[in-house]
Amino acid sequence: MTITEPAAGTRELKYTAAFNEALHQLMAEDGDIFVAGEDVGIGGVFGSFAGLTAAFGERRVVDTPIAEQAIVGLGIGAGVAGLRPVVDLMFFDFVMVAMDQIANQAAKLKYMFGGKARLPLTITTNGGAGLSAAAQHSQSLEAFLCHTPGLKVVMPSTPYDMKGLMISSIRDDNPTIVVKSKMLLGVSGPVPEDMYEIPLGTASILRPGEDLTVVSYGRMAQESLVAAEQLAADGIDCEVIDLRTVQPLDIDTVIESAKKTNRIAIVHEAVRFGGLGAEIAAQVQEHAFDYLDAPIGRVGAPFSPVPFSPSLEADYVPNAERIGRELRETIGRPLPGS
Amino acid sequence: MALDDDILFDMHRRMLRIRLFEEAAGRLFEGARMPGFIHLYVGQEAVAAGVCAALRPEDQISSTHRGHGHLVAKGGDLNKMMAELMGKETGYCNGKGGSMHICDLDLNMLGANGIVGGGVPIAVGAGFANKYRDDGAVSVVFFGDGASNIGAFHEAANMAAALKLPVLFVCENNEYGEFTSRDRSMAIADVVERASGYGIPGTIVDGMDAAAVYETALEALEHCRSGAGPSFIEAKTYRFYNHHGVQTLGLPYRPDDEVASWQARDPIDGIEARMAEAGIMTADQAAAVRAEVQAAVDEAVEFGESSPMPNPARLLDDVYTEAAQ
Amino acid sequence: MGTVAIIVNPAAGKDIRRLVAEASPVSDASKVGTLRRAVIGAMEGGATRVIMSGDRRGLAERAIDRLEASAEIEIMDAPAADSAHSTREAAALCRSRRVGAVVVLGGDGTHRDVAKGWRDAPIVALSTGTNNVFPRPHEATVAGEAAALVATEKVPLAAVTHRAKTIDVQLDDGENDLGLVDVVLTNDRFTAARAVWSPDGVREIVATIAEPGSVGLSAIAAAVAHQDRRAPGAVHVRCDPNAASRVRAPIAPGLYASIGLMSHHHLEAGDSVTFEGPGVLSFDGERDRTLGADRTATATIRIDGPRVIDVGRALAWASGRE
């Protein structure tokens, strides 16, 4: 997948607005789509659902009790019964509250029923640290979800991808979790007015390069891009791949790049131990071992809960500077004195 | 509130289909001709039969780990059921679900469920779809006294009430959650009291009397269809067999005389006696129905046993729905 | 000397009419609180002994938990299963133990069961059921006190009671039964959900109480005639769904229905009415007996039921104002 050229009618939209525009357009197009969750009626905690009640009414924009299991169950039952639900869990951390409904019910329904069910359910949520929201409102838990067959997990890093991936996710007939990155909510980028889909399971190459493949997704894809530009000043030419969807995983794009650059590092905000970086590293060595000139690098959060204090949190979450330093290690060109 | 003859015959047949199917499944399980776990519904037939006889085809039901009876009562195909219990290709779920995930979406039976209470939020979601489409259908959720101790039940009951959804909660209080008695698991005797806490009108019914269940279900369904929101029935019932498997007596967690006192109120004997007393059905007629149902069950066993095991090439099918090309 | 008994029906207030009426079932917690207040009142009224019915739920045990008791409290053995039968047995035990007064917590059905166990029991009838024509609303505290005043003979029983009427039903197979408020023949064939909440198929009603404010099938009788609970006599009504003459009545809590009437007439004490099968006989709102084709049952009005203590009068007497 190459970098997508902005289409006609493109203007600057914030990440949240792209999410919101996708919902408006989809709901106008398909009467079976409804949105349910805590506070969605007044627009949701970050304004993601703004204007939907005015446009579509309370029948289709449903405020629910604070009851994550029941919210996801509402989506499952309504989906099996023929609707196309979008349910919101507000914070990624709250996914864990609803994990039975997500992992034991939604993910397996089709398989357990011998293929006779269709579950066009989209779960939206906000993930990641950076707002001093502390240990229960800041996590990146995608590895839990990706480990469960039957789910799709989408983590957009740009307003453009947000709109296209939301449209694909909602039109998809499988339970799909779309994770917005809280630190990207206010970031702007070009977004076409018309509806368009970005196929789930296709990575994009944010920056082509020859020396090192950097695989990331969500907010860390953008941080990795900044790091890559900084390294370019020192003559290190990184290819930055934004996975966009982490389940299904576009491993082919990753392996193809690794074979070209012969070096690879994976960057994510989630805890490094048992994170997606481990899975990607394992697959790369399975398929491209002979191409590798260096051990595979992994950048992630340390093995601790997300701290509250802004200074601690800044140390905890990877950023461009830290990513750059680790990428230099991977490529064997550490900064002098480090 | 006269129960017409058709309804009585209908419930009698539904109960017999459940009973004889379960007895056959139990024998197969005992004879190691059936894999996995088996949670038999024997003893509770009047609940599934009474409720399902009161349903319209478009009404959904959601079930539990003890779910065979609900699917049979909703009109399930005995052949596909037996084949599924045996893990065969021809089963309802192509051998991928088994006893605890048996379902028939065409009959609006949204599935048994291996997680206690896990089906309750899903049923509430189906109720939401009914209200959204304003199609008059009711989503009925069967669950046990044990499930009423789980958070998912409480979240779902509250949501159904808050959103005024057409959901009928049917609690089959069989006095035991697995191997622990109800009175050791909760400080109340009537689960229906929990409905009050959510503002859901509810009632208790004798779950060993299909006619009583039917009448009560009709009333409760009418309430749901009227747009008034959910309603709740607690059926007092009993499972004759162990939580799992086919043992009846000599279990360490329940006294034999208690089992006997419930068996004396066998729901099938009960409806047959009442129909005989009312001059609706003779003993010969009852025996003829029994023979007919037994033949169908025997055929189901034969169908299941003669069916192939699933094709290994299909192991990975149906993890996802592929996009239509 | 001064024994008060308190009988509670654990199953009262939970039948299908709660659903029809969109009412919550009467919870065990609520019954426990009512019981406790009745015990406190009975002790205040001077009872030296309080006997409480036992049940599988331990309502009595919970009611007296950590209660500072000035009377001896005894809880009857719990029956093997909670049923109408256990209420009857509790009442019969009270008679054999020469209890001075019984506080009954329940609805019409519960009071009927007490009368079946002890026909002329001296009772304070407290409404905690679904349909409450026979029992009256009282705060349990003073109900318990009134019972104790009678049981200790501080207040003479005869001065503060009236004799309840009964409808004695003799079936042609030798069985007999009774109702306190109404006995009704319906076109049903099964007792099914037991409570009667549908006007369809109601054929005949015999009601000893037809007062303004009645709810239940006796309300149909109250719509065409007046029969005070304290006055002798009863009302007999024949219904016909196709009749031109119709009345509207609250036949269950929260449920009004229109019923076609064929005829109604007054019955004196001692008068009888014969019901002809097939059908189902309901007693005080509950379908209880199926009556086959060619079978009959004869209902006779009598004035020999429970001695019902008037709580207000008992308290007034004790304070010297009556």
TODO: Check the straight Cα-Cα distances from B:K88 and name the lysines below 24 Å, setting aside those fewer than 8 residues away within the same chain.
DONE: A:K108, A:K110, A:K116, B:K74, B:K80, B:K96
Open item on the list: Give me the one-decimal nm value for the distance between modelled label points at B:D6 and B:E222, 7 Å along each residue's Cα-to-Cβ direction.
Closed with: 1.8 nm
TODO: Compute the long axis of helix A:219-232 from its Cα atoms, compare it with the longest principal axis of the Cα atoms of chain A, and write down the angle in degrees, 0 to 90, nearest 10.
DONE: 20 degrees
Task: CD proxy at 222 nm, helix term only [per DSSP H run n ≥ 4: -39500 (n - 2.57); per residue of the protein assembly as shown; nearest 500] - done: -10000 deg cm²/dmol
Task: Per-residue HN-Hα couplings for region C:229-242 [Karplus 6.51, -1.76, 1.60; θ = phi - 60°; Hz; x = Gly/Pro] - done: 5, 8, 8, x, x, 7, 10, 10, 10, 10, 10, 8, x, 8
Task: Cα principal axis extents for region A:204-331, largest first, Å - done: 43, 33, 24
- [ ] Using R₀ = 60 Å, calculate the FRET efficiency as 1/(1 + (r/R₀)^6) where r is the Cβ-Cβ separation of A:D30 and A:Q285; round to 0.05.
- [x] 0.90
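For A:Y15, B:Y320, A:Y291, what's the fewest-to-most ordering of other Cβ within 10 Å of each Cβ?
Ordered by Cβ neighbours within 10 Å, fewest first: A:Y291, B:Y320, A:Y15.
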TODO: Could you go through region A:14-23 in sequence order and give the Karplus-derived ³J(HN,Hα) for each residue, using 6.51 cos²θ - 1.76 cosθ + 1.60 with θ = phi - 60°, rounded to whole Hz, and x for Gly and Pro?
DONE: 6, 3, 5, 5, 5, 4, 5, 5, 4, 5
- [ ] Under 1.5 on a/c is rounded, so check that first for region C:51-108, then, if it is not, pick prolate when a/b is larger than b/c and oblate when it is not; a ≥ b ≥ c are the square roots of the alpha carbon gyration tensor eigenvalues.
- [x] oblate
Open item on the list: Can you say what percent of the DSSP beta bridges in the protein assembly as shown, counting only those with both residues inside, are antiparallel? Round to 5.
Closed with: 45 percent
Task: Percent antiparallel among DSSP beta bridges (both partners in region B:5-305, rounded to 5) - done: 10 percent
Task: Sites C:S319 and C:A158 - FRET efficiency at Förster radius 22 Å, r taken between beta-carbons, to 0.05 - done: 0.75
Task: Cβ-based exposure ranking for C:K116, A:K14, in which fewest neighbours within 10 Å come first - done: A:K14, C:K116
TODO: Distance between Cα centroids, region B:274-325 to region C:246-322: provide it in whole Å.
DONE: 50 Å
Task: Pairwise FRET efficiency - C:S263 versus C:D304, Cβ, R0 = 30 Å, nearest 0.05 - done: 0.60
Open item on the list: To make sure I understand the rule: partners must be aspartates and glutamates, Cα under 13 Å from the Cα of A:K163, and not fewer than 8 residues away in the same chain. Which ones qualify?
Closed with: A:E12, A:E21, A:E193, A:D194, A:E197
Task: For region B:5-305: rounded, prolate or oblate by the Cα gyration tensor [a/c cutoff 1.5] - done: rounded
Task: Charge context of A:G79, other residues only, Cβ under 12 angstrom, K/R +1, D/E -1 - done: 0
TODO: Quickly work out the B:R13-to-A:K260 label distance, labels modelled 7 Å from Cα along the C-beta direction, and quote it in nm with one decimal.
DONE: 6.8 nm
Task: Net length gained if the chain between C:E139 and C:R97 were fully extended (0.36 nm per residue, minus Cα distance) - done: 12.5 nm
Task: Nonlocal amide H pairs with A:R298, under 5 Å, H built at 1.01 Å - done: A:I266
TODO: Would you mind ranking B:D183, B:D206, A:D290 by Cβ crowding within 10 Å, fewest neighbours first?
DONE: A:D290, B:D183, B:D206
TODO: Please label the shape of the protein assembly as shown as rounded, prolate or oblate, based on the square roots a ≥ b ≥ c of the eigenvalues of the alpha-carbon gyration tensor (a/c under 1.5 means rounded; beyond that, a/b larger than b/c means prolate, else oblate).
DONE: prolate
- [ ] Check the straight Cα-Cα distances from B:K131 and name the lysines below 19 Å, setting aside those fewer than 8 residues away within the same chain.
- [x] B:K164
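Taken together, the values in this text are just the output of simple stated rules run on the coordinates, not laboratory data. Not measured: the values here are computed from a predicted model. Virtual Cβ from ideal backbone geometry, glycine too; neighbours counted across all protein chains shown.
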